[in-house]
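> Handing you this structure, nothing more for now.
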Amino acid sequence: MGNGKLSKFNKLSEQIIGAAIEVHKTLGPGLLESAYEAALFYELSTIHSHSVLRQVPVNINYKGQQLDVGYRIDLLVNDMIILELKTVDKIADIHLAQILTYLKLSDKHLGLIINFYVRLLKNGIKRVLHNI
C-alpha cells in the first residue's frame with residue numbers, strides 16, 4: 001500500500017477518534033454499545049459528512065457459497081475503516097480476534113476497537129491493521 005493510501009487511512013482514523021472522543025465527552029461512560037453506535041453514526045455521517053454504514057453483515061465463503069452467520073460490523077466508515085464498539089472493562093484478545101476476522105472476511109485493512117467504558121477514551125482505543 002502506498003504512502004498516499006496510508007495517509008488517507010491515518011487522516012480518517014484521526015477524524016473518527018476525534019468524533020468518538022466528542023461522543024464520549026457528551027454521553028460519558030456506562031451506556032449500552034447501541035447508544036454509542038447511534039451517537040457515533042450521527043457524529044460521523046451528519047456532522048462530518050462521512051459515508052457510514054451500521055450493522056454491516058459479514059458473510060463467510062464456504063465452498064463457493066456466501067453464508068450469513070450473524071457477523072456484523074458495528075460501523076463501516078467510507079468503505080475503508082471498520083469500527084467495533086465496546087463497553088467492557090478492558091479490550092481482550094477475543095475482541096482483537098473478532099476485528100481481525102472482520103478485516104479478513106471483508107477485505108479491509110484498518111479497524112478500530114473503541115471501548116467507551118473508560119474514564120479517558122484515548123485509553124480505550126486499539127488500532128488493528130491487516131495486510132498493510
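> If K122 meets every condition in (1) modelled with pLDDT under 95; (2) within 17 Å of Q15 (Cα to Cα); (3) in a loop (DSSP other than H, G, I, E, B) apart from one, which number is that one?
(3) is the only condition that K122 fails.
> With surrounded by fewer than 16 Cβ atoms within 10 Å (Cβ to Cβ), farther than 21 Å from G124 by Cβ, modelled with pLDDT under 95 and among the small types (G, A, S) as the only criterion, which of G64, G28 stands out?
Every option except G64 fails the conditions.
> Among Y102, Y117, Y71, which is the only one that is hydroxyl-bearing (S, T, Y), surrounded by fewer than 19 Cβ atoms within 10 Å (Cβ to Cβ) and under 14 Å from the mean Cα position of the chain (by Cα)?
Just one listed residue meets the conditions, Y71.
> Still on this structure, I have one more. Checking K90 against (1) modelled with pLDDT of 95 or more; (2) touching a Phe, Trp or Tyr at 6+ places or on another chain (Cβ under 9 Å); (3) within 14 Å of N115 (Cα to Cα), which single condition isn't satisfied?
(1)
> Filter region 74-95 for residues that are surrounded by fewer than 16 Cβ atoms within 10 Å (Cβ to Cβ), out of contact with any helix residue (DSSP H, G or I) (no Cβ under 8 Å at 6 or more places or on another chain) and not β-branched (V, I, T) and give the result.
Once the filter is applied, which keeps residues that are surrounded by fewer than 16 Cβ atoms within 10 Å (Cβ to Cβ), out of contact with any helix residue (DSSP H, G or I) (no Cβ under 8 Å at 6 or more places or on another chain) and not β-branched (V, I, T), region 74-95 yields D79, D89, K90, A92, D93.
> Sticking with this structure for a sec: Among what's in region 40-49 and is surrounded by 15 or more Cβ atoms within 10 Å (Cβ to Cβ) and not hydrophobic (A, V, I, L, M, F, W, C), pick the residue that is nearest to L12 (Cα to Cα).
Out of the qualifying residues, it is H48.
> I would also like to ask the following. Look through region 120-132, keep the residues that are under 18 Å from N78 (Cα atoms) and among the aliphatic types (A, V, I, L, M), and return whichever of them is farthest from the chain's Cα centre (by Cα).
Residue satisfying both the conditions and the ranking: I132.
For every residue, the table says whether it meets (1) touching a strand residue (DSSP E or B) at 6+ places or on another chain (Cβ under 8 Å); (2) among the acidic types (D, E); (3) under 26 Å from G30 (Cα atoms); (4) free of Cβ contacts under 8 Å to residues at least 40 places away in the same chain.
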{"site": "H48", "(1), (2), (3), (4)": "no, no, yes, yes"}
{"site": "L53", "(1), (2), (3), (4)": "yes, no, yes, yes"}
{"site": "K63", "(1), (2), (3), (4)": "no, no, no, yes"}
{"site": "Y71", "(1), (2), (3), (4)": "yes, no, yes, yes"}
{"site": "D93", "(1), (2), (3), (4)": "no, yes, yes, yes"}
{"site": "L96", "(1), (2), (3), (4)": "yes, no, yes, yes"}
{"site": "K104", "(1), (2), (3), (4)": "no, no, no, yes"}
{"site": "D107", "(1), (2), (3), (4)": "no, yes, no, yes"}
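The values are calculated or read from the model by the stated rules, or taken from the named source; none is laboratory data. The shown structure was predicted, so the numbers you read here are calculated from the model rather than taken from an experiment. Reconstructed Cβ throughout: ideal geometry from the backbone, glycine too, with neighbour counts over all protein chains shown.
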